[in-house]
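Below: the structure, in structure tokens.
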Amino acid sequence: MVIEHYAGINHNAAINISLSDAPEISDTIINCIRNGSIANVADMKTINDFKLLQISWIFDLNFPRTYTIFNQRRYLENLSEFLPKTADVVETIDLVNRYLQQKCIIERCKIECQIP
């Protein structure tokens with residue numbers, strides 16, 4: 001639903017939670033993600049901050065299989081499509097993608113090796 005909203009397919013004003021549509025991204029949000037942390041809602045100033053906050057939720061996934069599903073459904077790729085392609089954003093998305101791929105590799109190994 002959120003990706004459809006960002007794509008303009010299924011607009012829902014509530015998703016933007018009254019944030020500015022300015023192209024800026026808060027350094028605090030970027031830094032949280034780069035530190036492997038969930039971004040803080042209180043630090044959001046723009047819709048782009050909110051998109052990055054949503055991406056940061058990957059650090060709060062609790063089940064290994066969820067990483068695989070997240071990857072298969074291309075959520076990171078789809079969400080990042082609606083962010084500006086600044087150096088900070090690209091580097092941050094790359095970092096999150098490496099984290100995701102590492103988690104997926106671990107999950108595949110556990111399945112293949114039948115490790116609980």
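Each reported figure results from applying straightforward, stated rules to the coordinates on display, with no laboratory input. Owing to the predicted nature of the structure, the values given are computational and were not obtained by experimental measurement. As a convention, Cβ positions derive from the backbone with ideal geometry for all residues, glycine included, and neighbour counts pool all protein chains shown.
Worth pointing out:
- Per-residue Cβ neighbour rank within 10 angstrom, fewest leading, ILE38, ILE105, ILE55: ILE105, ILE38, ILE55
- When the trypsin sites (Lys or Arg not before Pro) in the range 20-76 are filtered for DSSP coil states and for at most 11 other beta-carbon atoms within 10 Å of their beta-carbon, the remaining sites are ARG73.
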